[in-house]
1. Residue farthest toward the positive end of the dipole of the chain, with Cβ of Lys/Arg at +1 and Asp/Glu at -1: which of His34, Gly285, Ser155?
2. Applying a 10 Å radius around every beta-carbon, put 304-316, 72-84 in order of their mean neighbour count, most first.
3. Explain nothing, just the number: dipole magnitude of the chain about its Cα centre with +1 on each Lys and Arg Cβ and -1 on each Asp and Glu Cβ, in debye rounded to the nearest 20.
4. Say the dipole of the chain comes from +1 at the beta carbon of Lys and Arg and -1 at that of Asp and Glu; which of Phe210, Asn92, Ala305 then lies farthest toward its positive end?
5. Please identify the chymotrypsin sites (Phe, Trp or Tyr not before Pro) of the range 266-340 that satisfy two criteria: DSSP loop assignment and at most 11 other Cβ atoms within 10 Å. Which are they?
6. Taking R0 as 25 Å, what's the FRET efficiency between Asn261 and Ser221 from their Cβ-Cβ distance, rounded to 0.05?
7. Which value in deg cm²/dmol, rounded to the nearest 500, describes the helix-derived mean residue ellipticity at 222 nm for the chain, given -39,500 (n - 2.57) per DSSP H run of n ≥ 4 and division by the residue count?
8. Provide Arg41, Arg406, Arg331 ordered by accessible surface of protein heavy atoms (probe 1.4 Å), highest first.
Amino acid sequence: MNFVAMTTASETLFTKVKEGTVTSPKGFEAGGFHAGLKRKRKDLGWIKSNVPAAAAGVFTLNTFQAPPLKVTKESLSGGLLQGIIVNSGNANAFTGEKGLKDAYKMRKSFADVMNLKESQTAVTSTGVIGEYLPMHDICKGIKQIPDYKETTSGSDFAEAIVTTDTTTKEIAVTCEIDGKMITIGGAAKGSGMIKPNMATMLAFVTTDAFVETAALQTALSTVTDRTYNMITVDGETSTNDMVLLLANGQAENNPLSPNHNDWETFLHSLEYVCQQLAKMIAKDGEGATKLVEVHVKGAETTNGAKAIAKSIVGSSLVKTAIYGTDANWGRIVCAIGYSGESVQEESLSISLGEIKVVDYGITTKFSEEEAKAYLENENIHIYVDLHNGDKEATAWGCDLTYDYVRINASYRT
(Lines give C-alpha, C1' and ligand atoms only; values in the text may rest on other atoms or scores of the structure.)
Protein backbone atom coordinates (compact mmCIF):
# COMPACT_ATOMS: atom_id res chain seq x y z
CA MET A 1 0.00 0.00 0.00
CA ASN A 2 3.08 2.19 -0.26
CA PHE A 3 2.93 3.52 3.29
CA VAL A 4 6.00 5.34 4.59
CA ALA A 5 6.72 5.59 8.33
CA MET A 6 5.72 9.06 9.42
CA THR A 7 9.03 9.81 11.18
CA THR A 8 11.40 8.63 8.42
CA ALA A 9 12.00 12.02 6.82
CA SER A 10 12.49 13.87 10.10
CA GLU A 11 14.74 11.31 11.76
CA THR A 12 17.65 12.68 9.71
CA LEU A 13 17.32 15.91 11.69
CA PHE A 14 18.35 14.43 15.04
CA THR A 15 20.44 11.74 16.69
CA LYS A 16 19.22 9.42 19.42
CA VAL A 17 21.24 9.55 22.63
CA LYS A 18 22.40 6.18 23.95
CA GLU A 19 20.69 5.54 27.30
CA GLY A 20 19.19 9.03 27.21
CA THR A 21 17.17 10.37 30.15
CA VAL A 22 15.59 13.60 31.39
CA THR A 23 19.04 14.63 32.62
CA SER A 24 20.69 14.33 29.20
CA PRO A 25 20.03 18.03 28.45
CA LYS A 26 22.43 20.49 30.10
CA GLY A 27 21.48 21.92 33.46
CA PHE A 28 19.03 19.27 34.66
CA GLU A 29 19.27 16.89 37.60
CA ALA A 30 16.78 14.19 38.57
CA GLY A 31 16.47 11.21 40.86
CA GLY A 32 14.21 8.83 42.66
CA PHE A 33 14.17 6.50 45.65
CA HIS A 34 11.88 4.53 47.96
CA ALA A 35 10.21 6.82 50.49
CA GLY A 36 7.69 4.36 51.91
CA LEU A 37 4.57 4.97 49.80
CA LYS A 38 4.93 1.58 48.13
CA ARG A 39 6.18 -1.59 49.73
CA LYS A 40 9.55 -1.86 48.02
CA ARG A 41 9.76 -0.03 44.70
CA LYS A 42 10.93 3.55 44.24
CA ASP A 43 8.03 5.96 44.75
CA LEU A 44 9.38 9.51 45.03
CA GLY A 45 11.08 11.31 42.15
CA TRP A 46 12.13 14.82 41.22
CA ILE A 47 13.52 16.95 38.42
CA LYS A 48 15.33 20.24 38.90
CA SER A 49 16.74 22.73 36.42
CA ASN A 50 19.72 24.79 37.57
CA VAL A 51 17.86 27.91 36.37
CA PRO A 52 14.15 28.71 35.98
CA ALA A 53 12.98 27.18 32.72
CA ALA A 54 10.29 28.18 30.27
CA ALA A 55 7.50 25.68 30.84
CA ALA A 56 4.43 24.30 29.08
CA GLY A 57 1.85 21.70 30.02
CA VAL A 58 -1.15 19.73 28.81
CA PHE A 59 -3.62 18.03 31.12
CA THR A 60 -6.33 15.38 31.30
CA LEU A 61 -9.82 16.17 30.04
CA ASN A 62 -11.39 14.22 32.91
CA THR A 63 -13.89 16.41 34.78
CA PHE A 64 -12.43 15.34 38.13
CA GLN A 65 -8.95 16.80 37.99
CA ALA A 66 -6.78 15.81 40.92
CA PRO A 67 -5.40 18.44 43.33
CA PRO A 68 -1.81 18.13 42.04
CA LEU A 69 -2.98 19.21 38.59
CA LYS A 70 -4.67 22.27 40.03
CA VAL A 71 -1.51 23.25 41.91
CA THR A 72 0.71 22.63 38.90
CA LYS A 73 -1.56 24.67 36.63
CA GLU A 74 -1.28 27.52 39.11
CA SER A 75 2.52 27.28 39.00
CA LEU A 76 2.50 27.14 35.20
CA SER A 77 0.52 30.36 34.98
CA GLY A 78 3.79 32.26 35.48
CA GLY A 79 5.38 30.57 32.48
CA LEU A 80 8.39 29.26 34.41
CA LEU A 81 9.20 26.07 36.31
CA GLN A 82 12.42 25.05 38.01
CA GLY A 83 11.42 21.89 39.86
CA ILE A 84 8.99 18.97 39.69
CA ILE A 85 8.19 16.61 42.55
CA VAL A 86 6.40 13.33 41.76
CA ASN A 87 5.07 10.51 43.89
CA SER A 88 3.68 7.17 42.76
CA GLY A 89 1.48 4.76 44.68
CA ASN A 90 -1.20 7.36 45.52
CA ALA A 91 -2.95 9.69 43.07
CA ASN A 92 -4.22 12.23 45.63
CA ALA A 93 -7.35 12.35 43.47
CA PHE A 94 -10.95 12.88 44.57
CA THR A 95 -9.60 13.89 47.98
CA GLY A 96 -11.33 17.26 48.37
CA GLU A 97 -9.98 20.21 50.32
CA LYS A 98 -7.55 18.07 52.31
CA GLY A 99 -6.08 16.71 49.08
CA LEU A 100 -5.56 20.24 47.78
CA LYS A 101 -3.88 21.32 51.02
CA ASP A 102 -1.64 18.25 50.85
CA ALA A 103 -0.63 19.09 47.27
CA TYR A 104 0.29 22.63 48.32
CA LYS A 105 2.21 21.25 51.29
CA MET A 106 4.07 18.85 49.02
CA ARG A 107 4.99 21.72 46.71
CA LYS A 108 6.20 23.91 49.58
CA SER A 109 8.23 21.14 51.17
CA PHE A 110 10.05 20.39 47.91
CA ALA A 111 10.58 24.09 47.11
CA ASP A 112 12.06 24.71 50.56
CA VAL A 113 14.43 21.74 50.40
CA MET A 114 15.62 22.56 46.87
CA ASN A 115 15.73 26.35 47.40
CA LEU A 116 13.08 27.03 44.75
CA LYS A 117 10.19 29.42 44.47
CA GLU A 118 6.89 27.70 45.21
CA SER A 119 5.42 29.47 42.19
CA GLN A 120 8.03 27.72 40.00
CA THR A 121 7.45 24.23 41.39
CA ALA A 122 5.16 21.54 39.94
CA VAL A 123 3.51 18.68 41.85
CA THR A 124 2.44 15.36 40.39
CA SER A 125 0.92 12.22 41.89
CA THR A 126 -0.13 8.89 40.41
CA GLY A 127 -1.64 5.72 41.83
CA VAL A 128 -4.80 4.76 43.66
CA ILE A 129 -7.71 7.26 43.54
CA GLY A 130 -9.63 8.34 46.63
CA GLU A 131 -6.99 7.89 49.33
CA TYR A 132 -5.20 10.66 51.20
CA LEU A 133 -1.48 11.07 50.74
CA PRO A 134 0.72 9.74 53.58
CA MET A 135 2.14 13.21 54.12
CA HIS A 136 4.47 12.15 56.92
CA ASP A 137 6.26 9.74 54.56
CA ILE A 138 6.24 12.21 51.67
CA CYS A 139 7.63 15.14 53.64
CA LYS A 140 10.20 12.90 55.29
CA GLY A 141 11.21 11.60 51.87
CA ILE A 142 11.48 15.09 50.38
CA LYS A 143 13.83 16.13 53.18
CA GLN A 144 16.06 13.18 52.24
CA ILE A 145 16.47 14.28 48.60
CA PRO A 146 19.77 16.13 49.22
CA ASP A 147 21.21 12.88 50.60
CA TYR A 148 20.46 11.12 47.30
CA LYS A 149 21.52 13.83 44.85
CA GLU A 150 24.97 12.37 44.25
CA THR A 151 23.89 8.74 43.96
CA THR A 152 20.68 8.86 41.97
CA SER A 153 19.95 9.56 38.31
CA GLY A 154 17.41 10.28 35.61
CA SER A 155 16.81 6.55 35.27
CA ASP A 156 15.96 6.37 38.97
CA PHE A 157 13.41 9.14 38.35
CA ALA A 158 11.87 7.11 35.53
CA GLU A 159 11.62 4.13 37.87
CA ALA A 160 10.08 6.15 40.71
CA ILE A 161 7.11 7.40 38.68
CA VAL A 162 5.75 4.02 37.48
CA THR A 163 2.72 2.18 38.85
CA THR A 164 1.58 -0.96 37.00
CA ASP A 165 4.19 -0.39 34.28
CA THR A 166 6.42 -3.37 33.58
CA THR A 167 9.29 -1.20 32.35
CA THR A 168 10.57 2.36 32.56
CA LYS A 169 10.12 4.68 29.60
CA GLU A 170 12.84 7.19 28.74
CA ILE A 171 14.63 8.64 25.73
CA ALA A 172 16.78 11.57 24.56
CA VAL A 173 17.87 13.00 21.22
CA THR A 174 20.23 15.75 20.05
CA CYS A 175 19.85 18.13 17.12
CA GLU A 176 21.60 21.23 15.81
CA ILE A 177 20.08 24.68 16.34
CA ASP A 178 21.99 27.83 15.34
CA GLY A 179 25.12 25.71 15.01
CA LYS A 180 24.77 24.53 18.63
CA MET A 181 23.88 21.02 19.79
CA ILE A 182 20.69 20.97 21.82
CA THR A 183 19.28 17.96 23.64
CA ILE A 184 15.71 16.88 24.37
CA GLY A 185 15.10 14.20 27.00
CA GLY A 186 11.98 12.58 28.33
CA ALA A 187 10.51 10.08 30.77
CA ALA A 188 6.97 8.78 31.02
CA LYS A 189 4.75 6.33 32.86
CA GLY A 190 1.54 4.71 31.77
CA SER A 191 0.13 1.23 31.39
CA GLY A 192 -3.59 1.17 32.18
CA MET A 193 -6.49 3.63 31.93
CA ILE A 194 -5.03 4.81 28.63
CA LYS A 195 -7.21 6.60 26.09
CA PRO A 196 -6.72 9.42 23.57
CA ASN A 197 -7.12 12.98 24.88
CA MET A 198 -4.65 12.20 27.66
CA ALA A 199 -4.47 8.92 29.41
CA THR A 200 -3.39 7.51 32.80
CA MET A 201 -0.01 8.74 31.95
CA LEU A 202 2.58 11.23 33.02
CA ALA A 203 5.31 12.52 30.73
CA PHE A 204 8.15 14.87 31.59
CA VAL A 205 10.24 16.37 28.79
CA THR A 206 13.33 18.51 29.30
CA THR A 207 15.46 20.46 26.87
CA ASP A 208 18.42 22.82 27.10
CA ALA A 209 17.12 24.76 24.09
CA PHE A 210 16.16 28.40 24.49
CA VAL A 211 12.49 28.56 23.47
CA GLU A 212 10.05 31.42 23.88
CA THR A 213 7.36 30.42 26.41
CA ALA A 214 4.39 30.95 24.10
CA ALA A 215 6.13 28.99 21.34
CA LEU A 216 6.92 26.20 23.80
CA GLN A 217 3.23 25.78 24.67
CA THR A 218 2.31 25.81 20.98
CA ALA A 219 4.93 23.15 20.27
CA LEU A 220 3.79 20.91 23.12
CA SER A 221 0.10 21.19 22.25
CA THR A 222 0.82 20.44 18.60
CA VAL A 223 3.03 17.45 19.37
CA THR A 224 0.68 16.06 22.04
CA ASP A 225 -2.16 16.02 19.54
CA ARG A 226 -0.07 13.80 17.24
CA THR A 227 1.42 11.52 19.88
CA TYR A 228 0.00 11.14 23.39
CA ASN A 229 -3.51 11.85 22.15
CA MET A 230 -3.17 9.05 19.59
CA ILE A 231 -2.68 6.15 22.00
CA THR A 232 -5.20 3.92 23.72
CA VAL A 233 -5.05 0.79 25.85
CA ASP A 234 -8.50 0.40 27.36
CA GLY A 235 -10.59 3.48 26.61
CA GLU A 236 -10.21 4.96 30.09
CA THR A 237 -9.14 8.52 30.91
CA SER A 238 -7.75 9.25 34.36
CA THR A 239 -7.81 12.19 36.75
CA ASN A 240 -4.08 12.89 37.02
CA ASP A 241 -2.67 12.88 33.51
CA MET A 242 -0.26 15.56 32.44
CA VAL A 243 2.68 16.29 30.21
CA LEU A 244 5.19 18.93 31.26
CA LEU A 245 7.90 20.42 29.04
CA LEU A 246 10.77 22.48 30.46
CA ALA A 247 13.28 24.47 28.34
CA ASN A 248 16.10 26.04 30.36
CA GLY A 249 18.08 27.70 27.53
CA GLN A 250 21.44 26.30 28.63
CA ALA A 251 22.38 25.43 25.03
CA GLU A 252 22.52 29.21 24.41
CA ASN A 253 20.88 29.14 20.99
CA ASN A 254 18.94 32.11 19.71
CA PRO A 255 15.33 32.11 21.00
CA LEU A 256 13.25 29.52 19.17
CA SER A 257 9.82 30.38 17.81
CA PRO A 258 7.88 29.46 14.66
CA ASN A 259 9.75 32.24 12.84
CA HIS A 260 13.17 30.71 13.55
CA ASN A 261 14.87 28.93 10.63
CA ASP A 262 15.44 25.81 12.77
CA TRP A 263 11.96 25.67 14.28
CA GLU A 264 10.96 22.61 12.26
CA THR A 265 14.10 20.80 13.37
CA PHE A 266 13.20 21.42 17.00
CA LEU A 267 9.55 20.51 16.46
CA HIS A 268 10.36 17.24 14.68
CA SER A 269 12.88 16.30 17.38
CA LEU A 270 10.38 17.03 20.13
CA GLU A 271 7.70 15.06 18.29
CA TYR A 272 10.01 12.06 17.95
CA VAL A 273 10.73 12.05 21.70
CA CYS A 274 7.02 12.26 22.54
CA GLN A 275 6.05 9.73 19.89
CA GLN A 276 8.54 7.17 21.21
CA LEU A 277 7.33 7.68 24.79
CA ALA A 278 3.72 7.33 23.61
CA LYS A 279 4.55 4.09 21.80
CA MET A 280 6.32 2.75 24.89
CA ILE A 281 3.16 3.44 26.90
CA ALA A 282 0.96 1.71 24.33
CA LYS A 283 3.26 -1.31 24.12
CA ASP A 284 3.33 -1.61 27.91
CA GLY A 285 -0.45 -1.68 28.23
CA GLU A 286 -1.53 -3.78 31.19
CA GLY A 287 -1.21 -7.42 30.23
CA ALA A 288 -0.32 -6.52 26.63
CA THR A 289 1.77 -8.78 24.41
CA LYS A 290 1.74 -6.70 21.21
CA LEU A 291 2.12 -3.10 20.07
CA VAL A 292 -0.51 -2.24 17.47
CA GLU A 293 0.01 0.62 15.02
CA VAL A 294 -2.89 1.72 12.83
CA HIS A 295 -1.99 3.84 9.83
CA VAL A 296 -4.82 5.58 7.97
CA LYS A 297 -4.19 7.40 4.68
CA GLY A 298 -6.29 8.74 1.82
CA ALA A 299 -8.58 10.71 4.14
CA GLU A 300 -10.26 13.97 3.22
CA THR A 301 -9.23 15.57 6.55
CA THR A 302 -6.55 14.92 9.16
CA ASN A 303 -9.20 14.80 11.89
CA GLY A 304 -11.07 12.17 9.92
CA ALA A 305 -7.94 10.04 9.60
CA LYS A 306 -7.31 10.41 13.32
CA ALA A 307 -10.87 9.44 14.23
CA ILE A 308 -10.70 6.26 12.17
CA ALA A 309 -7.24 5.27 13.41
CA LYS A 310 -8.30 5.75 17.04
CA SER A 311 -11.57 3.89 16.47
CA ILE A 312 -9.70 0.84 15.17
CA VAL A 313 -6.94 0.81 17.76
CA GLY A 314 -9.50 1.29 20.55
CA SER A 315 -11.82 -1.52 19.48
CA SER A 316 -11.95 -4.28 22.08
CA LEU A 317 -12.90 -6.77 19.38
CA VAL A 318 -9.95 -5.78 17.18
CA LYS A 319 -7.63 -5.95 20.19
CA THR A 320 -8.83 -9.42 21.24
CA ALA A 321 -8.58 -10.71 17.67
CA ILE A 322 -4.98 -9.57 17.52
CA TYR A 323 -4.24 -11.25 20.85
CA GLY A 324 -5.79 -14.45 19.52
CA THR A 325 -3.92 -14.11 16.18
CA ASP A 326 -7.26 -14.19 14.37
CA ALA A 327 -7.25 -12.26 11.08
CA ASN A 328 -10.85 -11.18 11.59
CA TRP A 329 -10.65 -8.05 9.43
CA GLY A 330 -14.43 -7.63 9.66
CA ARG A 331 -13.87 -6.14 13.11
CA ILE A 332 -11.65 -3.48 11.55
CA VAL A 333 -14.39 -2.66 9.06
CA CYS A 334 -16.90 -2.34 11.91
CA ALA A 335 -14.60 0.02 13.83
CA ILE A 336 -14.22 2.19 10.72
CA GLY A 337 -17.98 2.18 10.27
CA TYR A 338 -18.76 3.50 13.75
CA SER A 339 -15.91 6.03 13.78
CA GLY A 340 -18.35 8.75 12.78
CA GLU A 341 -16.51 9.43 9.52
CA SER A 342 -18.04 9.00 6.09
CA VAL A 343 -16.24 6.23 4.19
CA GLN A 344 -17.17 4.73 0.83
CA GLU A 345 -17.15 0.93 0.95
CA GLU A 346 -15.96 0.61 -2.65
CA SER A 347 -12.93 2.82 -1.91
CA LEU A 348 -11.74 1.02 1.21
CA SER A 349 -8.52 -1.03 1.30
CA ILE A 350 -7.10 -2.77 4.39
CA SER A 351 -3.86 -4.64 4.99
CA LEU A 352 -2.43 -6.55 7.95
CA GLY A 353 1.22 -5.78 7.51
CA GLU A 354 1.94 -6.64 3.88
CA ILE A 355 -1.10 -8.92 3.64
CA LYS A 356 -3.93 -7.17 1.82
CA VAL A 357 -7.32 -8.39 3.06
CA VAL A 358 -9.63 -5.82 1.41
CA ASP A 359 -8.92 -4.12 -1.90
CA TYR A 360 -11.25 -1.29 -2.97
CA GLY A 361 -14.11 -2.82 -1.03
CA ILE A 362 -13.57 -6.38 -2.26
CA THR A 363 -12.36 -9.23 -0.06
CA THR A 364 -9.05 -10.65 -1.30
CA LYS A 365 -7.97 -14.27 -1.32
CA PHE A 366 -5.28 -14.19 1.34
CA SER A 367 -3.62 -17.02 3.25
CA GLU A 368 -5.12 -17.43 6.71
CA GLU A 369 -1.94 -19.23 7.77
CA GLU A 370 0.25 -16.32 6.67
CA ALA A 371 -2.06 -13.81 8.38
CA LYS A 372 -2.02 -15.82 11.61
CA ALA A 373 1.77 -16.03 11.48
CA TYR A 374 1.98 -12.27 10.98
CA LEU A 375 -0.27 -11.60 13.98
CA GLU A 376 2.09 -13.61 16.17
CA ASN A 377 4.65 -10.78 15.88
CA GLU A 378 5.14 -8.30 18.73
CA ASN A 379 4.60 -5.27 16.46
CA ILE A 380 1.43 -5.32 14.37
CA HIS A 381 0.68 -2.77 11.64
CA ILE A 382 -2.81 -2.25 10.28
CA TYR A 383 -2.95 -0.17 7.10
CA VAL A 384 -6.14 1.52 5.90
CA ASP A 385 -6.47 3.48 2.67
CA LEU A 386 -9.70 5.41 2.14
CA HIS A 387 -8.74 6.64 -1.35
CA ASN A 388 -10.59 9.87 -0.67
CA GLY A 389 -7.89 12.50 -0.07
CA ASP A 390 -4.27 13.09 0.92
CA LYS A 391 -4.52 13.27 4.74
CA GLU A 392 -3.19 10.59 7.07
CA ALA A 393 -2.75 9.74 10.75
CA THR A 394 -1.31 7.03 12.98
CA ALA A 395 -2.60 5.70 16.30
CA TRP A 396 -1.01 3.26 18.73
CA GLY A 397 -2.45 0.69 21.08
CA CYS A 398 -2.05 -2.91 22.18
CA ASP A 399 -3.86 -6.21 22.30
CA LEU A 400 -6.34 -7.08 25.05
CA THR A 401 -5.43 -10.13 27.11
CA TYR A 402 -6.60 -12.20 30.07
CA ASP A 403 -3.92 -10.52 32.17
CA TYR A 404 -5.56 -7.10 31.73
CA VAL A 405 -8.58 -8.38 33.67
CA ARG A 406 -6.39 -10.06 36.28
CA ILE A 407 -4.32 -6.91 36.90
CA ASN A 408 -7.32 -4.59 37.19
CA ALA A 409 -9.43 -6.98 39.21
CA SER A 410 -6.92 -6.71 42.05
CA TYR A 411 -5.40 -3.23 41.56
CA ARG A 412 -6.04 -2.08 45.16
CA THR A 413 -5.58 -5.46 46.84
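1. His34
2. Packing proxy ranking, top to bottom: 304-316, 72-84.
3. 1520
4. Of the candidates, Asn92 comes out farthest on the positive side.
5. Numbers: sites: Phe266, Tyr272, Tyr323, Trp329, Tyr338; in loops: Trp329, Tyr338.
Filter output for the range 266-340: Tyr338.
6. 0.70
7. Working: 12 runs with 128 residues, N = 413.
Only helices count here, giving -9500 deg cm²/dmol.
8. These residues rank, largest area first, as Arg406, Arg41, Arg331.
The values are calculated or read from the model by the stated rules, or taken from the named source; none is laboratory data. These numbers come from a predicted model, not from an experiment. Virtual Cβ from ideal backbone geometry, glycine too; neighbours counted across all protein chains shown. Accessible surface is based on the protein model in full, side chains and every heavy atom, while ligands, DNA and RNA are left aside. Shrake-Rupley method; radii C 1.70, N 1.55, O 1.52, S 1.80 Å.
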